[in-house]
Amino acid sequence: MGLDQQAGYNNISVYDWRKHARLQQFMLNKYLEKHPDDNDVFNQKKLLLDEKDILELQQLIKDQRLPFCDGGFFWGHEFQEESMQDYKEDDLKFCEDALQWIKEGKEVWYDCWW
């Protein structure tokens, strides 16, 4: 049991992560920013991402400054530093692909469940 994450475009899933707590924290922050009136848990909800979101994510990944995760029972927060390093190359590839998909007019999304 734990955090499973995916991202892609339109109805196509391309990227998968498992217990990448810092990526989840970034996406949770982004979800709350875009949906301030949603009091429900950010779980099994697609978050649509635009170019600005992806560029922000890309810079945070490059600088190794993804937001720290204080918890999330199933998120893997106890090894978030290692996950951030282990996933760095894939995260940057996702950002490159996502920017291309946006240029092609595709809808880029992130989803998670635990």
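Taken together, LYS93, LYS19, LYS45 contain a single residue that is touching a Gly at 6+ places or on another chain (Cβ under 7 Å) and not aliphatic (A, V, I, L, M), which is LYS19.
Applying a threshold of 7 Å to beta carbon distances and a minimum spacing of six or more residues, or different chains, the list of pairs starting in region 74-103 at a residue that is farther than 15 Å from LEU3 by Cα and ending at one that is among the hydrophobic types (A, V, I, L, M, F, W, C) and at pLDDT below 95 is empty.
One line per residue, one yes/no per condition, for (1) crowded, with 19+ Cβ neighbours inside 10 Å; (2) modelled with pLDDT under 95:
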{"position": "TYR9", "(1), (2)": "yes, no"}
{"position": "LEU23", "(1), (2)": "yes, no"}
{"position": "ASN29", "(1), (2)": "no, no"}
{"position": "ASP37", "(1), (2)": "no, yes"}
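Which residue is farthest from the chain's Cα centre (by Cα), if the candidates are limited to region 102-112 and must be outside any loop (DSSP other than H, G, I, E, B) and within 17 Å of LYS30 (Cβ to Cβ)? Filtering first and then ranking leaves ILE102.
Annotation: of all residues in region 72-114 being surrounded by 14 or more Cβ atoms within 10 Å (Cβ to Cβ) and of a type in the set (Lys, Arg), the one that is nearest to VAL14 (Cα to Cα) is LYS106.
Residues of region 49-86 that are within 11 Å of LEU23 (Cα to Cα) and aliphatic (A, V, I, L, M): LEU57, LEU60, ILE61, LEU66, MET84. Residue count for region 44-86, restricted to those that are assigned to a helix (DSSP H, G or I), at pLDDT 95 or above and of a type in the set (A, V, I, L, M, F, W, C): 5. Quick one: is GLU96 over 13 Å from the mean Cα position of the chain (by Cα), under 20 Å from LYS19 (Cβ atoms) and not in a loop (DSSP other than H, G, I, E, B)? In short, no.
Based on this model, can you work out whether LYS52 counts as surrounded by fewer than 12 Cβ atoms within 10 Å (Cβ to Cβ) and of a type outside the set (Phe, Trp, Tyr)?
Numbers: surrounded by fewer than 12 Cβ atoms within 10 Å (Cβ to Cβ): yes; of a type outside the set (Phe, Trp, Tyr): yes.
Against the criterion (surrounded by fewer than 12 Cβ atoms within 10 Å (Cβ to Cβ) and of a type outside the set (Phe, Trp, Tyr)), LYS52 qualifies.
Between LEU57, LEU32, LEU3, the distinction of being touching a Phe, Trp or Tyr at 6+ places or on another chain (Cβ under 7 Å) and free of Cβ contacts under 8 Å to residues at least 40 places away in the same chain belongs to LEU57 only.
In the set (1) crowded, with 18+ Cβ neighbours inside 10 Å; (2) touching a strand residue (DSSP E or B) at 6+ places or on another chain (Cβ under 9 Å), CYS69 fails one condition alone, (2).
Condition check for GLN44 on (1) surrounded by fewer than 11 Cβ atoms within 10 Å (Cβ to Cβ); (2) without any contact (Cβ under 8 Å) to a residue 60 or more places away in the chain; (3) over 17 Å from GLU89 (Cβ atoms): one failure, at (2).
The values are calculated or read from the model by the stated rules, or taken from the named source; none is laboratory data. As the structure is a prediction and not an experimental result, all values here were calculated from the model. We place every Cβ from the backbone using ideal geometry, glycine too, and count neighbours over all the protein chains shown.
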